[in-house]
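Working notes, beginning with the structure itself.
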Amino acid sequence: MITISNITKKFGKLAALDDVSINCNSTECIALIGPNGSGKTTLIKSILGMVVPDDGSILFNNKNIAHDWKYRKHIGYMPQIGKYPENMSIGQIFDMMKSIRKDDTISLDEELFTEFGLDKLLNKRMGTLSGGTRQKVSACLAFLFNPDILILDEPTAGLDPLASEILKEKISKEKTKGKLILITSHILSELDDLVTHIIFMQDGKLKFHKPFEALRSETGELKLSKAIANIMLKPTN
Ligand code: ADP
Ligand code: MG
């Protein structure tokens, strides 16, 4: 589905991505993890075409994404920090997004929208929202057009425990539909029940990409946090 080959992205002298190659397929739920500044967001933005790599290529269903933006309608993206026109209300934001997409063939998925109670906050202006409510708006937009691929950058950051749980349930539900889900989180315990594969980044490099089961049997640890700690403490050769 997504084939990333040898991509490199430099910001000045710093290589935010350094010769990264990754294959992702439908039905996979991938945890993208790594320390701050390891290149996770840059990788996600490269897949979305928001960052253009200096080198290498990204294919979506065997087609190069460069100069062809149409693939993006298949991706629902929840950014780490959602930026919106501050004067617009929640209702206006959703109306605008729907009218931009204007696609009658898609049945809208407004499940999260009602579960988060955003239907009761339609007149609230974006500029007045708390961080958590803003995150809810971002989450709902990511799921709204029922995309085949979900890319979620720190989705539960800033959400209260109940909202966090609602969102995790929703991700889980979409996973059973065979979608490709790429998710970053600092709270590894959240990912335990969800993910099938792990991508670990460090200093812009891909350290490993493997099934969670393989990581479990390699480390003898059931929990993702323990398995990662185990692997990080191992001497490398
Ligand atoms: P992560 O999401 O893993 O925390 P990022 O992909 O955001 O990491 O960043 C990787 C590195 O690239 C960091 O050192 C960050 O400061 C740098 N970086 C990211 N975006 C930019 C940018 N637009 N300009 C300059 N440096 C950037
Ligand atoms: Mg990031």
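The values are calculated or read from the model by the stated rules, or taken from the named source; none is laboratory data. Predicted model, so just to flag it, every value in this text is computed and none were measured. Positions of Cβ are backbone-derived with ideal geometry, glycine not excepted, and every protein chain shown enters the neighbour counts. All accessible areas refer to the heavy atoms of the entire protein, side chains included, with ligands and DNA or RNA removed. Shrake-Rupley method; radii C 1.70, N 1.55, O 1.52, S 1.80 Å.
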(message) I need the full set of residues from the range 52-85 which are open to solvent by 70 Å² or more (accessible area, probe 1.4 Å), within 18 Å of the chain's Cα centre (by Cα) and within 16 Å of ligand 1 (Cβ to nearest atom), in order please.
(response) 52, 80, 81, 83
(request) Among the residues of the range 46-64, write down those that are within 16 Å of ligand 2 (Cβ to nearest atom) and either assigned to a loop (DSSP other than H, G, I, E, B) or free of Cβ contacts under 8 Å to residues at least 24 places away in the same chain (or both). (result) 50, 51
(message) I'd like to verify a number: residues in the range 1-23 that are under 18 Å from residue 210 (Cα atoms) and within 16 Å of ligand 2 (Cβ to nearest atom), how many?
(response) 1
(request) Kindly provide the set of residues from the range 7-45 that are in a loop (DSSP other than H, G, I, E, B) and either in contact with a Ser or Thr (Cβ under 6 Å, 6 or more places away or on another chain) or of a type in the set (A, V, I, L, M, F, W, C) (or both), ordered by number. (result) 28
(message) What's the number of the only condition in (1) closer than 18 Å to residue 26 by Cβ; (2) open to solvent by less than 10 Å² (accessible area, probe 1.4 Å) that residue 167 fails to meet?
(response) (1)
(message) Every residue in the range 2-51 that is in contact with a Phe, Trp or Tyr (Cβ under 7 Å, 6 or more places away or on another chain) and more than 8 Å from ligand 1 (Cβ to nearest atom), please.
(response) 2, 33, 48, 49
(message) Filter the range 134-153 down to the residues that are open to solvent by 10 Å² or more (accessible area, probe 1.4 Å) and part of a helix (DSSP H, G or I) and list them by number.
(response) 134, 135, 136, 141
(message) With the requirement that a residue be at pLDDT below 95 and buried (at least 18 other Cβ atoms within 10 Å of the Cβ), what does the range 180-193 give you?
(response) 184, 185, 188, 190, 191
(message) Among the residues of the range 202-237, what is the count of those that are closer than 23 Å to residue 167 by Cβ and not in a helix (DSSP H, G or I)?
(response) 1
